[in-house]
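The values are calculated or read from the model by the stated rules, or taken from the named source; none is laboratory data. Everything quoted here is computed from the prediction, not taken from an experiment. Note: ideal-geometry Cβ built from the backbone for every residue, glycine included; neighbour counts use all protein chains shown.
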Amino acid sequence: MSERFKQLSARHSSLRDRCALQRQELSQQARQIERHLSGVDRAVNAARAVARSPMLIAGGIAAVVMLRPRRLMRW
């Protein structure tokens, strides 16, 4: 086997190991991002559920009218 072939083979092996490590790191980061975004998904689903219910919207408007906007701003 030529010296050049040995060098290329070693380089190829090194790059494959490096790629495997990067894939593991990306997988961990993707799981973390997914965990953070799951909270956003739950909030969006809750907002959609509220928006579909006219009674909840009317109740929210009635609460604002009864409490007056100035009192709400203090909260």
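Going by the structure shown, is Glu25 at pLDDT 95 or above, among the acidic types (Asp, Glu) and more than 10 Å from the chain's Cα centre (by Cα)?
Working: at pLDDT 95 or above: yes; among the acidic types (Asp, Glu): yes; more than 10 Å from the chain's Cα centre (by Cα): yes.
So Glu25 passes the test.
Residue-wise test of (1) surrounded by 10 or more Cβ atoms within 10 Å (Cβ to Cβ); (2) touching a Lys or Arg at 6+ places or on another chain (Cβ under 6 Å); (3) of a type in the set (S, T, N, Q).
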{"site": "Glu3", "(1), (2), (3)": "no, no, no"}
{"site": "Ser13", "(1), (2), (3)": "yes, no, yes"}
{"site": "Arg18", "(1), (2), (3)": "yes, no, no"}
{"site": "Ala30", "(1), (2), (3)": "yes, no, no"}
{"site": "Glu34", "(1), (2), (3)": "yes, no, no"}
{"site": "Val50", "(1), (2), (3)": "yes, no, no"}
{"site": "Ile61", "(1), (2), (3)": "yes, no, no"}
